[in-house]
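See structure below.
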Amino acid sequence: MKQRVLGAGLAILALSAALTGCAGGSGTTPAASSPAVTGGAPAASATAPAGSVSPPATSTASAGVDLKTASSSAGTIVVDSKGMSLYFFTKDVKDSGTSACTGGCLTAWPPLTTTSDKPKVEGVTGTVGTIPTPEGAKQVTLNGLPLYYFAKDTKPGDVLGQGVNDVWYLADPSGEMIKKMAASGY
C-alpha cells in the first residue's frame, strides 16, 4: 500500500513538472528522451486522482477526416475527427518544420498525428500539412504551426487548455489563434 501511495505521489510530481516546463523558457528536455505519442490520443490528465486515467481517444484517421470544425465556448474551433479540441503553442515558429514542445511538455500537450501525407479536412480553410515528430510520426499543422491536444481535455467540447500559461491557444478554422473566449470574454 505504501508503494502505491508513493508511486502515485511521484507520478503527480512528475506531471506537475511537465506542466511547469510547458510555461516557456528553456527548461524542456531533449525530444529523444520523450515518450512516443502515437495515434494523436491525449495523455492522462495531469491533475487526475491517483489511479484514475482519462478515457482513451482513438486515432484521427478512423473517421476519414483529420480536422473539422465545432462550436465551443470560444466560438468555432478546429477539432479532430472525434471532436477533441486542438491548440497552438506560441513558442512554435511558423513553417520551421519542428515543434517547440518536447520532452515533458508532450505529456501535457500530445501532438495531433496522422498517417496521411495530406490530412483530410472538413470546414477548415487554413493550409493543412504535416511535420515529422522525433518518433517518426506525422504531426498535423495548420498554417505552418503544429497542432496539439491538451491532456486535461477528456471529452469533445472541453477547452481547458485555452490560454494556459498565456502560450496555448485554440485554433480557428482559418488557422488563427483564438486569444479570447467568445461567451465569457476570457
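The values are calculated or read from the model by the stated rules, or taken from the named source; none is laboratory data. Computed from a prediction, not measured in an experiment: that's the story for all the values here. For neighbour counting, all protein chains shown are included, and Cβ atoms are generated from backbone atoms with ideal geometry for every residue, glycine included.
If you check Gly103, Gly163, which single one turns out to be without any contact (Cβ under 8 Å) to a residue 40 or more places away in the chain and not acidic (Asp, Glu)? Reasoning before the result, please.
On the way: Gly103 fails: without any contact (Cβ under 8 Å) to a residue 40 or more places away in the chain.
Checking each option against the conditions leaves just Gly163.
Listed residues Gly83, Gly97, Gly129; which is small (Gly, Ala, Ser), at pLDDT 95 or above and within 21 Å of Asp158 (Cα to Cα)?
Within the list Gly83, Gly97, Gly129, the selection yields Gly83.
Which of the numbered conditions does Val140 fail, given that it passes all the others? Conditions: (1) buried (at least 20 other Cβ atoms within 10 Å of the Cβ); (2) in a strand (DSSP E or B); (3) free of Cβ contacts under 8 Å to residues at least 60 places away in the same chain; (4) of a type in the set (A, V, I, L, M, F, W, C).
Evaluating Val140 over (1) buried (at least 20 other Cβ atoms within 10 Å of the Cβ); (2) in a strand (DSSP E or B); (3) free of Cβ contacts under 8 Å to residues at least 60 places away in the same chain; (4) of a type in the set (A, V, I, L, M, F, W, C) leaves (3) as the failure.
Quick check on this structure: which one of Val93, Val79 is touching a strand residue (DSSP E or B) at 6+ places or on another chain (Cβ under 8 Å) and β-branched (Val, Ile, Thr)?
Of the residues listed, the single one that is touching a strand residue (DSSP E or B) at 6+ places or on another chain (Cβ under 8 Å) and β-branched (Val, Ile, Thr) is Val79.
Let me confirm something: among Val78, Val124, which residue is within 25 Å of Gly64 (Cβ to Cβ) and in a strand (DSSP E or B)?
Checking each option against the conditions leaves just Val78.
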